[in-house]
(Lines give C-alpha, C1' and ligand atoms only; values in the text may rest on other atoms or scores of the structure.)
Protein backbone atom coordinates (compact mmCIF):
# COMPACT_ATOMS: atom_id res chain seq x y z
CA UNK A 1 0.00 0.00 0.00
CA UNK A 2 1.33 3.41 -0.90
CA UNK A 3 2.26 5.84 1.83
CA UNK A 4 -0.28 8.60 1.96
CA UNK A 5 0.36 12.15 2.99
CA UNK A 6 -2.39 14.74 2.88
CA UNK A 7 -0.74 18.10 3.01
CA UNK A 8 -3.94 20.05 3.50
CA UNK A 9 -7.69 19.73 3.16
CA UNK A 10 -10.28 22.37 3.93
CA UNK A 11 -14.01 22.67 4.23
CA UNK A 12 -15.57 23.48 0.90
CA UNK A 13 -17.42 26.32 2.53
CA UNK A 14 -14.12 28.06 3.21
CA UNK A 15 -14.09 28.93 -0.47
CA UNK A 16 -17.09 31.15 0.06
CA UNK A 17 -16.05 33.05 3.19
CA UNK A 18 -16.19 36.78 2.67
CA UNK A 19 -13.91 39.48 3.94
CA UNK A 20 -16.04 40.19 7.00
CA UNK A 21 -15.56 36.59 8.07
CA UNK A 22 -11.79 36.99 8.35
CA UNK A 23 -10.20 35.57 11.48
CA UNK A 24 -10.00 38.41 13.99
CA UNK A 25 -6.99 39.56 15.98
CA UNK A 26 -8.06 38.71 19.54
CA UNK A 27 -7.81 40.67 22.75
CA UNK A 28 -5.31 39.39 25.33
CA UNK A 29 -6.07 37.92 28.74
CA UNK A 30 -3.36 37.74 31.40
CA UNK A 31 -3.61 35.32 34.32
CA UNK A 32 -0.78 34.92 36.82
CA UNK A 33 1.69 36.29 34.28
CA UNK A 34 0.55 34.04 31.42
CA UNK A 35 -0.85 35.76 28.34
CA UNK A 36 -3.65 34.07 26.41
CA UNK A 37 -5.71 34.86 23.32
CA UNK A 38 -9.18 35.95 24.40
CA UNK A 39 -11.91 34.96 21.96
CA UNK A 40 -14.36 37.51 23.30
CA UNK A 41 -14.75 41.29 23.27
CA UNK A 42 -15.73 42.58 26.74
CA UNK A 43 -15.13 46.20 25.72
CA UNK A 44 -17.84 45.90 23.08
CA UNK A 45 -20.29 45.10 25.89
CA UNK A 46 -19.31 48.33 27.63
CA UNK A 47 -19.61 50.35 24.43
CA UNK A 48 -23.08 48.97 23.79
CA UNK A 49 -24.28 49.53 27.36
CA UNK A 50 -22.98 53.10 27.33
CA UNK A 51 -24.01 53.83 23.74
CA UNK A 52 -20.43 54.73 22.93
CA UNK A 53 -20.03 55.26 19.20
CA UNK A 54 -17.00 57.55 19.13
CA UNK A 55 -13.74 56.29 17.61
CA UNK A 56 -11.11 55.26 20.14
CA UNK A 57 -8.31 56.57 17.93
CA UNK A 58 -7.99 59.38 15.37
CA UNK A 59 -8.02 58.36 11.73
CA UNK A 60 -4.24 58.69 11.53
CA UNK A 61 -3.85 55.95 14.15
CA UNK A 62 -6.89 53.76 13.58
CA UNK A 63 -5.76 51.61 10.64
CA UNK A 64 -8.81 49.34 10.73
CA UNK A 65 -8.34 46.16 8.68
CA UNK A 66 -10.53 43.15 7.93
CA UNK A 67 -8.47 41.24 10.50
CA UNK A 68 -9.36 43.69 13.28
CA UNK A 69 -12.65 45.28 12.36
CA UNK A 70 -13.10 46.86 15.81
CA UNK A 71 -9.88 48.86 15.41
CA UNK A 72 -8.29 48.06 18.76
CA UNK A 73 -6.73 45.29 20.85
CA UNK A 74 -7.63 45.35 24.53
CA UNK A 75 -5.60 43.79 27.32
CA UNK A 76 -7.35 42.22 30.28
CA UNK A 77 -6.09 40.68 33.49
CA UNK A 78 -7.68 38.50 36.14
CA UNK A 79 -6.53 39.61 39.58
CA UNK A 80 -8.04 38.10 42.74
CA UNK A 81 -10.81 36.57 40.61
CA UNK A 82 -11.77 39.93 39.14
CA UNK A 83 -11.53 40.95 35.50
CA UNK A 84 -9.70 44.20 34.84
CA UNK A 85 -9.13 46.21 31.68
CA UNK A 86 -5.48 47.29 31.67
CA UNK A 87 -4.80 48.68 28.18
CA UNK A 88 -6.39 49.46 24.83
CA UNK A 89 -3.99 49.60 21.87
CA UNK A 90 -4.59 50.42 18.24
CA UNK A 91 -4.12 47.55 15.79
CA UNK A 92 -0.49 48.45 15.06
CA UNK A 93 0.21 48.91 18.81
CA UNK A 94 1.70 52.32 18.12
CA UNK A 95 -0.75 54.12 20.39
CA UNK A 96 -2.97 53.38 23.36
CA UNK A 97 -6.08 54.88 24.89
CA UNK A 98 -5.93 56.94 28.05
CA UNK A 99 -8.31 54.86 30.16
CA UNK A 100 -9.35 57.91 32.18
CA UNK A 101 -10.80 59.45 29.01
CA UNK A 102 -13.32 56.60 28.98
CA UNK A 103 -13.72 55.59 32.60
CA UNK A 104 -12.68 58.70 34.57
CA UNK A 105 -12.53 58.01 38.32
CA UNK A 106 -13.15 54.29 37.82
CA UNK A 107 -9.50 53.90 36.83
CA UNK A 108 -7.62 52.59 39.86
CA UNK A 109 -3.92 51.72 39.77
CA UNK A 110 -3.96 52.06 35.99
CA UNK A 111 -6.76 49.55 35.45
CA UNK A 112 -10.56 49.35 35.36
CA UNK A 113 -12.67 46.69 37.04
CA UNK A 114 -14.97 45.27 34.32
CA UNK A 115 -18.10 45.31 36.46
CA UNK A 116 -20.24 45.66 33.34
CA UNK A 117 -19.23 42.27 31.97
CA UNK A 118 -21.28 39.11 32.53
CA UNK A 119 -20.62 36.30 30.09
CA UNK A 120 -18.75 33.04 29.46
CA UNK A 121 -15.62 33.41 27.34
CA UNK A 122 -12.98 31.18 25.78
CA UNK A 123 -9.24 31.80 25.88
CA UNK A 124 -6.45 29.89 24.14
CA UNK A 125 -2.78 29.22 24.69
CA UNK A 126 -0.13 27.09 23.00
CA UNK A 127 0.25 25.79 19.47
CA UNK A 128 -2.18 26.79 16.74
CA UNK A 129 -3.77 23.50 15.69
CA UNK A 130 -6.40 24.48 13.16
CA UNK A 131 -6.88 27.83 11.48
CA UNK A 132 -10.39 28.71 10.41
CA UNK A 133 -10.83 31.87 8.37
CA UNK A 134 -13.80 33.17 10.35
CA UNK A 135 -14.20 35.36 13.43
CA UNK A 136 -12.78 33.67 16.52
CA UNK A 137 -12.90 30.09 15.25
CA UNK A 138 -9.32 28.82 15.22
CA UNK A 139 -8.37 26.01 17.59
CA UNK A 140 -5.31 25.98 19.85
CA UNK A 141 -3.59 23.37 21.98
CA UNK A 142 -4.84 24.64 25.35
CA UNK A 143 -8.41 25.87 25.72
CA UNK A 144 -9.80 27.66 28.77
CA UNK A 145 -13.34 28.70 29.60
CA UNK A 146 -14.12 31.45 32.10
CA UNK A 147 -17.52 32.55 33.38
CA UNK A 148 -17.92 36.07 34.73
CA UNK A 149 -20.75 37.77 36.57
CA UNK A 150 -20.40 41.54 36.80
CA UNK A 151 -16.67 41.13 36.29
CA UNK A 152 -16.27 38.51 39.00
CA UNK A 153 -14.86 35.12 37.96
CA UNK A 154 -17.40 32.45 38.88
CA UNK A 155 -16.07 29.37 37.11
CA UNK A 156 -13.01 28.21 35.17
CA UNK A 157 -12.52 25.10 33.02
CA UNK A 158 -9.61 23.67 31.02
CA UNK A 159 -9.71 21.52 27.87
CA UNK A 160 -6.75 19.70 26.28
CA UNK A 161 -6.83 19.73 22.47
CA UNK A 162 -3.31 18.37 22.01
CA UNK A 163 -4.53 15.08 20.50
CA UNK A 164 -5.28 16.97 17.28
CA UNK A 165 -3.03 15.94 14.38
CA UNK A 166 -2.64 16.28 10.61
CA UNK A 167 -4.40 19.60 10.99
CA UNK A 168 -4.56 21.84 7.94
CA UNK A 169 -3.96 25.57 7.97
CA UNK A 170 -6.01 27.89 5.81
CA UNK A 171 -3.61 29.78 3.55
CA UNK A 172 -1.23 26.82 3.18
CA UNK A 173 -3.53 24.88 0.90
CA UNK A 174 -2.08 22.32 -1.45
CA UNK A 175 -4.16 20.57 -4.06
CA UNK A 176 -4.96 17.04 -2.82
CA UNK A 177 -5.52 15.87 -6.41
CA UNK A 178 -1.90 14.70 -6.77
CA UNK A 179 -2.35 12.31 -3.84
CA UNK A 180 -5.72 11.16 -5.10
CA UNK A 181 -4.43 10.58 -8.64
CA UNK A 182 -1.49 8.52 -7.38
CA UNK A 183 -3.87 6.12 -5.62
CA UNK A 184 -6.30 5.56 -8.47
CA UNK A 185 -5.92 2.22 -10.22
CA UNK A 186 -6.04 3.67 -13.71
CA UNK A 187 -5.34 0.37 -15.45
CA UNK A 188 -8.40 -1.27 -13.88
CA UNK A 189 -10.73 1.43 -15.17
CA UNK A 190 -12.40 1.29 -18.58
CA UNK A 191 -10.97 3.60 -21.27
CA UNK A 192 -11.86 7.21 -20.49
CA UNK A 193 -12.98 9.34 -23.41
CA UNK A 194 -14.80 12.08 -21.52
CA UNK A 195 -13.80 13.65 -18.21
CA UNK A 196 -15.72 12.17 -15.30
CA UNK A 197 -15.97 13.91 -11.94
CA UNK A 198 -16.86 12.43 -8.56
CA UNK A 199 -17.03 14.29 -5.28
CA UNK A 200 -17.20 12.61 -1.89
CA UNK A 201 -18.02 14.14 1.46
CA UNK A 202 -16.20 12.11 4.12
CA UNK A 203 -15.52 11.95 7.85
CA UNK A 204 -12.52 10.50 9.66
CA UNK A 205 -12.11 8.80 13.03
CA UNK A 206 -9.70 9.63 15.88
CA UNK A 207 -6.90 7.80 14.01
CA UNK A 208 -7.26 9.95 10.92
CA UNK A 209 -8.75 7.14 8.83
CA UNK A 210 -11.76 7.80 6.61
CA UNK A 211 -14.57 5.86 8.23
CA UNK A 212 -17.70 7.42 6.76
CA UNK A 213 -18.84 8.41 3.29
CA UNK A 214 -21.51 11.05 3.91
CA UNK A 215 -22.50 11.93 0.38
CA UNK A 216 -21.58 11.16 -3.21
CA UNK A 217 -21.84 13.33 -6.30
CA UNK A 218 -21.35 11.55 -9.59
CA UNK A 219 -23.18 9.51 -12.22
CA UNK A 220 -20.85 6.69 -13.23
CA UNK A 221 -21.00 3.79 -10.76
CA UNK A 222 -17.64 2.29 -11.79
CA UNK A 223 -15.83 5.55 -11.09
CA UNK A 224 -17.83 6.19 -7.93
CA UNK A 225 -16.70 2.84 -6.54
CA UNK A 226 -13.07 3.61 -7.41
CA UNK A 227 -13.37 6.98 -5.65
CA UNK A 228 -14.76 5.28 -2.54
CA UNK A 229 -11.95 2.71 -2.60
CA UNK A 230 -9.32 5.44 -2.83
CA UNK A 231 -10.96 7.54 -0.10
CA UNK A 232 -10.73 4.64 2.33
CA UNK A 233 -6.96 4.50 1.75
CA UNK A 234 -6.48 7.92 3.32
CA UNK A 235 -4.80 7.35 6.69
CA UNK A 236 -3.76 10.89 7.60
CA UNK A 237 -6.97 12.84 7.55
CA UNK A 238 -7.17 15.82 9.92
CA UNK A 239 -8.02 14.85 13.50
CA UNK A 240 -9.35 17.88 15.33
CA UNK A 241 -10.11 18.21 19.02
CA UNK A 242 -12.06 21.11 20.54
CA UNK A 243 -13.07 21.44 24.17
CA UNK A 244 -11.01 18.30 24.70
CA UNK A 245 -13.25 16.16 22.48
CA UNK A 246 -12.81 14.80 18.98
CA UNK A 247 -14.89 16.78 16.53
CA UNK A 248 -16.43 15.16 13.49
CA UNK A 249 -15.70 17.38 10.51
CA UNK A 250 -16.81 16.64 6.98
CA UNK A 251 -14.32 17.16 4.17
CA UNK A 252 -14.75 17.11 0.41
CA UNK A 253 -12.52 14.87 -1.70
CA UNK A 254 -12.65 15.80 -5.41
CA UNK A 255 -11.92 13.18 -8.07
CA UNK A 256 -11.32 13.98 -11.74
CA UNK A 257 -10.98 11.02 -14.10
CA UNK A 258 -9.70 12.19 -17.49
CA UNK A 259 -8.31 10.59 -20.63
CA UNK A 260 -5.05 12.52 -20.20
CA UNK A 261 -4.52 11.35 -16.63
CA UNK A 262 -5.26 7.76 -17.54
CA UNK A 263 -2.70 7.80 -20.35
CA UNK A 264 -0.08 9.38 -18.09
CA UNK A 265 -0.58 6.69 -15.45
CA UNK A 266 -0.78 3.61 -17.65
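The values are calculated or read from the model by the stated rules, or taken from the named source; none is laboratory data. A quick note: this is a predicted structure, and the numbers were derived from the prediction, not measured. Reconstructed Cβ throughout: ideal geometry from the backbone, glycine too, with neighbour counts over all protein chains shown.
Could you check, for the range 239-255, whether at least one of its residues is over 30 Å from residue 124 (Cα atoms) and at pLDDT 95 or above?
Yes, the range 239-255 contains a residue that is over 30 Å from residue 124 (Cα atoms) and at pLDDT 95 or above.
Within the range 31-44, track down each residue that is surrounded by 18 or more Cβ atoms within 10 Å (Cβ to Cβ) and in a loop (DSSP other than H, G, I, E, B).
Listed by number, the residues that qualify are 39, 40, 41.
In the range 179-200, which residue that is surrounded by 11 or more Cβ atoms within 10 Å (Cβ to Cβ) and more than 23 Å from residue 214 (Cβ to Cβ) is modelled with the lowest pLDDT?
182
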